[in-house]
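Everything below concerns the one structure shown next.
What follows is calculated from the coordinates using simple rules that are stated; it is not laboratory data. Values in this document were obtained by computation on a predicted structure and should not be read as measured data. Here the Cβ positions follow ideal geometry from the backbone for every residue, glycine too, while neighbour counts run over all protein chains shown.
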Amino acid sequence: MQSLTNRVKPVDRKPMTFLEKIYLWEIAKGMMITIKHFFKRKPTIKYPEQKREFSSVFRGLHILNRDEQGRERCTACGLCAVACPAEAITMEAAERKTGEEHLYREEKYAARYEINMLRCIFCGLCEEACPKDAIYLSQTFTPSNLTRAQFIYKKDDLLIPDPNKDPEQYAKALGDRKRPQ
Amino acid sequence: MFIHIDNKTYTVKAGKNLLEACLTLDLDLPYFCWHPAMGSVGACRQCAVKVYKDENDMKGRLVMSCMETVTEGLRLSIEDKTAKAFREQVIEWLMTNHPHDCPVCDEGGACHLQDMTVMTGHDYRRYNYKKRTYTNQYLGPLINHEMNRCIQCYRCVRYYRDYAGGDDLNVFAAHNHVYFGREKDGVLQSPFSGNLSEVCPTGVFTDKTLKEHYTRKWDLTMAPSVCNHCSVGCNTIAAERYGQLRCMLNRYNGDVNGYFLCDRGRFGYEFVNSENRIKQALIRSRTNEAATESEIMEHVQSLISMSKVVGIGSPRASLESNFALMQLVGKENFYQGISEDEAHLNRLVVEMLRSGCVHSVSLKEIEQADAVLIIGEDIWNTAPMMALAVRQAVVKTAASQASQEIKIPVWLDSAIKELAQEEKGFLATLTIATSPIDDIATHSWHAAPDDLARLGFAIASYLQPGKIVNTDFSEALLDKAKKIGDALKKAKNPVVITGTSCYNDNVIKAAFDVAVALNTGERKTSFSCVMTECNSMGLAMMGSPSFSVANENIKTNGHATAVILENDVYKHIPSANADEFFNSCDHVIVLDALHNATTEKAQVLLPAATFADGDGTLVNNEGRAQRFFQVIPNTTSQVQESWRWLKKLQTLKLHTLNGHALHPDDLLREMETALPQFEGITNVSPKHDFTIHGEKIPREPHRYSGRTAILANKNVSEPKPFNDGDSPLSFTMEGYKGTPPSGVVPFFWSPGWNSVQSVNKYQEETNGALRGGNPGLQLFKNKSDARDLFFNDVPESFVVAKDRWLLLPKYDALGSGELSSYTAALKTLSPQPFASMSTGSLQALNAKDGDMLQIVDAGIMYGSLPVKADENVCDGVVLVTAGLRESMGMSWGTRVQIKK
């Protein structure tokens, strides 16, 4: 058959010699490569005792932010949802009532806020779209889970701890980020 | 006419202004104060363009395009640097005090101000000072007020005061403190206030009912729909998310509602989400009432094969559903679910319109009429949008006369208003009681129906002497008739409007006679008759006998199973008669969407779809068949269109199951064959398999968000998008992206135009028909060779009886409506049931204002009602609120006794 390109290499189908048939030399060659790796630097770390450093711009699990008084910043404007290329965010808005000013920063808030983490591609476009600094991607990743339903993150799963009630956890969740103005 | 825009030559229509011309040519030019329905005032300075003297003029001058008429060979530039800079500066200055609160604003994503800001290129804020702030007002349960967002375009007051005739919204203060609102907090009085949310280019006035379940426009699944709450049939857009109907928007139809809706239509949608919805098929005789579809089918099948079956149709169910019931029970066993009195009137109206001797008028044509005569119908309360159209006719007649006198274009709004002042076109309202529309009437007269009819016949006889045989009219009546007749004679396009709410056939006959007498060679006269429900006309055209006949038949023959289609019989028929009917039926099968008095009588209950979860066709009072489309995907509940239930039963009965899906198109085709009066009805909308380049038309905008998350809380594995297959519309965001055929436009959107103002891009010309013609199919044709139908039944004048009162309904613009009253906001604005009588009648009864009265008719006792004294109700008549949530069927138009 005429070859289509000049890069064709014909396969050598000669029968193996006796030395080749006992494989000893080939095994020794392979072992040499294995032994060489004992003296190389390890690419893995001993998780969970040891944890890998994330880059400061790592995009991990989403956090719904609060302001310094502990009020939710999200106004359910829907821009994160519309920016999301995986269409993984959905929310329902509600009007803040009088007496709820300590809970929500502005006159609207998200009554329901859900992210489908199985669909999320962690691109960070939601963070970029947010006009209220209400959602950001933190420096930790989504933990594994046994059921798929557990990957639908609700508002409770996403909200940052209250800075007044739990300042330690709040600071931890905020990470390297500057406190929002 | 040719004009040159940016060195390109275009053909435009003469008489338009430059802004309209540019928008018609699909060019983007920003504007605020101009509105296609309200004309130009040149207030916002946003639509500036450069106009050049001739091709050698390099300098040009800035003009406001909305204030300049197109002239032959005109040269203008939109793209000119100075013009662009001017527009950008204007918007920057408009935005100085705007709060930039788009994330919490309901208008965001459908905001004309956002669109125009982006269009002009103003993207950076330089104003660093304190913004002025206002206190907002409470404007009632329908409209939300947020004055800080205002950009002072004045559209709201121009709409509310000048267009809709309201007087409780105004503009206050001056300079940088202009305030649009009421004198003090309070409910907006106009029943057209909902349009403020679409008229306002930003978020000052927004839909308050939407706030309860707010969704951005881009997140809504939308489908073209038709309003269900009166017989006018305004076109609407129904919008859904999370399986709930979220809001209703106006769908422009140049022949019907144009840019506006009444509040009953806009806000009366909440019954779809009601707790009271029937979602589960029930068999009442069993311990476990809930039944699966196959169980219920089998059960109903055995019931209807056992005995004679009687089908009761409905004036609020679609044509398809009524026809499917007619097919199931047989033509001879199908009855209209309304009283004989109403059915008789409806038959009369059908006969009149079918004769083709006068034109059946559309709302748009009413707007263009130069004289209007209303006999016997309080259209403000029974067909609000028609009242708005009549108002335009009255105001515009004066305006167009003024504009012809000194040759200024009609769109030059403030100049025309200045010229016309209080001058108004001719309107005569001859009704039973006062109505807000009387304020703009030249003549208004309130009398008993028979007297109104006599005046009508007197006018007809004055217009064409000798035609009416019996002419024993009094001098006073003849004098009135002469005045009105003379004014009508002067008109070129007079319109005569009447209605069935008087329950008096002579009124309708008299109105028709006036229309026929006027319809001579030199003028084109049109006629319109308001009916009670959204498909009253469709049902009447089917020509079946009334409920009363069904009742008689069952009483004499006995043993029958009744199938009742989407009809609360107790709302149409006095309860004693309805009870009698249900007692003589062996079995009662009811299909309905909401629990009501009739469904309580049902042994078998089938959950029917509303306009939002089903497809169907309605015929409005004009005879215009209009298709509405499903918008709520139905994947779990048993709810389906009544016609689908009935058709399934029929196939089961006839063993004709062939495995094919059933579409409304198939039903309409069968209907065309069976009932020739519906000829052409299959063309009412594109067929279910219609596609453009193989693509369906998406119900969702291309920015629809959260597809993979929206149902994830219910089912993580994403289900296939719902597909009903009944229409050329799909339940996804994929599909044909251009302008769809006019009847299946699910929403108005165009690149750069996210707000409702994008309707410009769907019209052939601004304010004109939608591209490809306005949707809807007129079933009544004008016949040039029609023999004039003329009635000669002049009634005796009304005589006040000593102890009998004529019982007539009194409707309310917001409160009346079997379904719309489920909206909590409308319910709060609805009056409590009451009766009203003249002081003379009250004296005769020895009662006073506020007393509780009991109405008794032929032994039937109705509940007692508080009575109000009303000077304008004539003696011998009692008006009782009708159509309210609490209202039940009464023997309207009969003489009843009243007990204290």
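Here is the list for the range B:49-132: GluC sites (Glu not before Pro) lying in DSSP coil, each with at most 11 other C-beta atoms within 10 angstrom of its C-beta, are B:55, B:72. Taking a straight line from the alpha carbon of residue A:154, these lysines sit under 17 Å away, with near neighbours fewer than eight places off in the same chain left out: B:714.
Among B:529-542, B:675-688, how do they line up from the highest to the lowest mean number of other beta-carbon atoms within 10 Å? Display every interim value, and only then the final one.
Numbers: B:529-542: 27.0, B:675-688: 17.5.
Packing proxy ranking, top to bottom: B:529-542, B:675-688.
Distant-in-sequence amide contacts of residue B:616, defined by a placed amide H-H separation under 5 Å and a gap of 5 or more residues or a different chain, comprise B:628.
Taking the Cα centre of the protein assembly as shown as reference, the dipole from Cβ charges on Lys and Arg (+1) and Asp and Glu (-1) amounts to some 4420 debye. Across the range B:87-94, coupling constants 3J(HN,Hα) worked out from phi with the 6.51/-1.76/1.60 Karplus curve, θ = phi - 60°, read 5, 5, 5, 4, 6, 4, 6, 5 Hz, and Gly and Pro carry x. Since only B:719, B:144, B:525 are under comparison, the one whose Cα sits farthest along the positive direction of the charge dipole of the protein assembly as shown, derived from C-beta charges on Lys, Arg, Asp and Glu, is B:719.
For the range B:772-900, the antiparallel share of DSSP beta bridges with both residues in that region comes to about 60%. Between B:602, B:441, B:204, the Cα set farthest toward the positive side of the dipole of the protein assembly as shown (charges on each charged residue's Cβ, about the Cα centre) is that of B:204. Between the range B:288-330 and the range B:600-633, the C-alpha centres lie 15 angstrom from each other. For the pair the range B:1-79 / the range B:156-219, the C-alpha centres are spaced 29 Å from each other.
The value of relative contact order for the range B:355-531, using C-alpha pairs under 8 Å at least six residues apart, is 30 percent.
At a Förster radius of 35 Å, what calculated FRET efficiency corresponds to the Cβ-Cβ distance of residue B:100 and residue B:764, to the nearest 0.05? Working from the Cβ atoms, E equals 0.40. Computed about the Cα centre, the dipole magnitude for the range B:467-603 is approximately 980 debye when only Lys and Arg (+1) and Asp and Glu (-1) carry charge, each at its Cβ. Over chain B, what is the percentage of antiparallel beta bridges among all DSSP beta bridges, to the nearest 5? The antiparallel fraction comes to roughly 50 percent.
Loop-located trypsin sites (Lys or Arg not before Pro) across the range B:166-222 with a Cβ neighbour count of 11 or fewer within 10 Å are B:184, with loop assigned by DSSP. Would you mind telling me the antiparallel percentage of the DSSP bridges in the protein assembly as shown, rounded to 5? About 55 percent, rounded to the nearest 5.
Binning the alpha carbon pair distances of the protein assembly as shown at 20 angstrom intervals from zero yields the distribution 11, 37, 33, 13, 4, 1, 0, expressed in whole percent.
With respect to chain B, whose longest principal axis is taken over its alpha-carbon atoms, helix B:475-490 is tilted by about 40°. Taking amide hydrogens as placed 1.01 Å from N in the peptide plane, the amide H of residue B:564 sits under 5 Å from those of B:312, B:589, B:590, B:591, each at least 5 positions away in sequence or on another chain. When the Gaussian network model of chain A links Cα atoms closer than 10 Å, the mean-square fluctuations of A:154, A:97, A:42 top out at A:42. Highest mean packing first, where packing is the average number of other Cβ atoms within 10 Å per residue, the peptides B:241-251, B:859-869, B:376-386 line up as B:376-386, B:241-251, B:859-869. Peptide A:70-82 is shielded by partner chain Cβ atoms: per residue, an average of 4 of them sit within 10 Å of its Cβ.
Phi angles across the range B:375-385 convert, under the Karplus curve 6.51 cos²θ - 1.76 cosθ + 1.60 with θ = phi - 60°, into 3J(HN,Hα) values of 10, x, 10, 8, 5, 4, 9, 9, 8, x, 5 Hz, Gly and Pro given as x.
The mean count of C-beta atoms from other chains within 10 Å of the C-beta of residues in A:108-119, rounded to a whole number, is 4.
Percent of Cα pairs in chain B per distance bin of 10 Å, from zero to the largest separation: 2, 12, 21, 24, 21, 13, 6, 2, 0, 0.
Taking the average, over residues, of other Cβ atoms within 10 Å as the packing measure, peptides B:228-235, B:476-483, B:19-26 rank B:228-235, B:19-26, B:476-483 from highest down. Summing Cβ point charges (Lys, Arg +1; Asp, Glu -1) relative to the Cα centre of the range A:62-174 gives a dipole of roughly 260 debye. The H on the amide N of residue B:223, modeled in the peptide plane, is under 5 Å from the matching H of B:238, each at least 5 residues off or on a different chain. Residue by residue along B:214-227, Cβ atoms of other protein chains within 10 Å of the local Cβ number 2 on average.
Shown in residue order for the range A:136-147 are the 3J(HN,Hα) couplings computed by the Karplus curve 6.51 cos²θ - 1.76 cosθ + 1.60 at θ = phi - 60°: 9, 9, 7, 9, 9, 9, 6, x, 6, 8, 8, 10 Hz (x for Gly and Pro). In plain terms, if you count all Cα to Cα distances in the range B:7-158 and split them into 5 Å steps from zero, the share in each step is 1, 8, 16, 20, 18, 14, 10, 6, 4, 2, 0, 0 percent.
Using the Cα centre of the protein assembly as shown as origin and beta-carbon charges of +1 (Lys, Arg) and -1 (Asp, Glu), tell me which of B:17, B:575, B:829 is placed farthest towards the positive end of the dipole. So the residue we want is B:17.
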